[in-house]
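Asker: Before I ask anything, let me first share the structure, which is written out below as structure tokens.
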Amino acid sequence: MTLREIKDLLQAEILTGEELLDIEPTSICGSDLLSDVLAFTKEKSLLLTGLTNSQVIRTAEMSDLIGIVFVRGKRPDNATIELATIKKITLLTTRLPMFESCGRLYQGGARGCSEVK
């Protein structure tokens with residue numbers, strides 16, 4: 001499932017990285033704890049989170065994530081979006097809550113981090 005398909009499934013808005021929407025994440029992770037993101041995500045994964053500060057971009061960069069979906073209609077500030085643009089990390093935002101977003105993606109065939117070795 002590509003980022004473009006994920007965007008459509010979550011009825012998400014693109015904040016940055018439109019040119020990267022044809023990339024397919026290896027897995028999907030949902031978390032608001034950056035320590036868990038660092039400990040449990042796999043390379044080239046997509047993160048779903050409600051955190052919107054610049055630390056989430058730095059964590060995504062350290063974990064080699066390809067993108068972030070902000071849930072519950074959350075939006076980062078312009079400086080955070082600019083940092084993601086520089087780091088080539090796709091940012092999306094959806095009005096859906098975390099649980100429903102993860103459920104739609106899993107039902108659509110996306111794999112969780114525990115399913116990837």
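Asker: How about segment 44-58: which of its residues are part of a helix (DSSP H, G or I) and open to solvent by less than 10 Å² (accessible area, probe 1.4 Å)?
Answerer: Selection gives V56, I57.
Asker: If you don't mind, another one. Is it the case that segment 72-85 has a residue that's out of contact with any Ser or Thr (no Cβ under 6 Å at 6 or more places or on another chain), open to solvent by less than 70 Å² (accessible area, probe 1.4 Å) and within 17 Å of R4 (Cβ to Cβ)?
Answerer: Scanning segment 72-85, I find no residue that is out of contact with any Ser or Thr (no Cβ under 6 Å at 6 or more places or on another chain), open to solvent by less than 70 Å² (accessible area, probe 1.4 Å) and within 17 Å of R4 (Cβ to Cβ), so the answer is no.
Asker: Filter segment 35-80 for residues that are among the small types (G, A, S) and over 12 Å from L92 (Cβ atoms) and give the result.
Answerer: Within segment 35-80, S35, A39, S45, G50, S54, A60, S63, A79 meet the criteria.
Asker: Report, by residue number, each residue of segment 1-43 that is over 17 Å from E61 (Cβ atoms), out of contact with any Asp or Glu (no Cβ under 8 Å at 6 or more places or on another chain), part of a helix (DSSP H, G or I) and open to solvent by 70 Å² or more (accessible area, probe 1.4 Å).
Answerer: E5, D8, E18, E19
Asker: Let me ask you something else. Could you check segment 14-33 and list, in sequence order, the residues that are more than 11 Å from the chain's Cα centre (by Cα) and more than 18 Å from K87 (Cα to Cα)?
Answerer: Answer for segment 14-33, where residues must be more than 11 Å from the chain's Cα centre (by Cα) and more than 18 Å from K87 (Cα to Cα): T26, D32, L33.
Asker: List every residue pair whose Cβ atoms lie under 6 Å apart, where the two residues are 6 or more positions apart in sequence or sit on different chains, the first residue falls within segment 30-52 and is within 19 Å of E115 (Cβ to Cβ), and the second residue, located anywhere, is among the charged types (D, E, K, R).
Answerer: Qualifying pairs under 6 Å: E43/D64.
Asker: Considering only segment 65-85, I want to know if a residue exists there that is in a helix (DSSP H, G or I) and under 10 Å from the mean Cα position of the chain (by Cα).
Answerer: Scanning segment 65-85 turns up no residue that is in a helix (DSSP H, G or I) and under 10 Å from the mean Cα position of the chain (by Cα).
To keep it simple, each residue is scored yes or no on (1) of a type in the set (K, R); (2) at pLDDT 95 or above.
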| site | (1), (2) |
| --- | --- |
| L38 | no, no |
| L46 | no, yes |
| T52 | no, yes |
| Q55 | no, yes |
| R58 | yes, yes |
| E61 | no, yes |
| I66 | no, yes |
| R72 | yes, yes |
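The values are calculated or read from the model by the stated rules, or taken from the named source; none is laboratory data. Being a predicted model, the structure only gives us computed values, none of them experimental. Don't worry about glycine lacking a Cβ; one is built from the backbone with ideal geometry, like all the others, and counts go over all protein chains shown. Please note that ligands, DNA and RNA were not included when accessible areas were found on the heavy atoms of the full protein model with its side chains. Shrake-Rupley method; radii C 1.70, N 1.55, O 1.52, S 1.80 Å.
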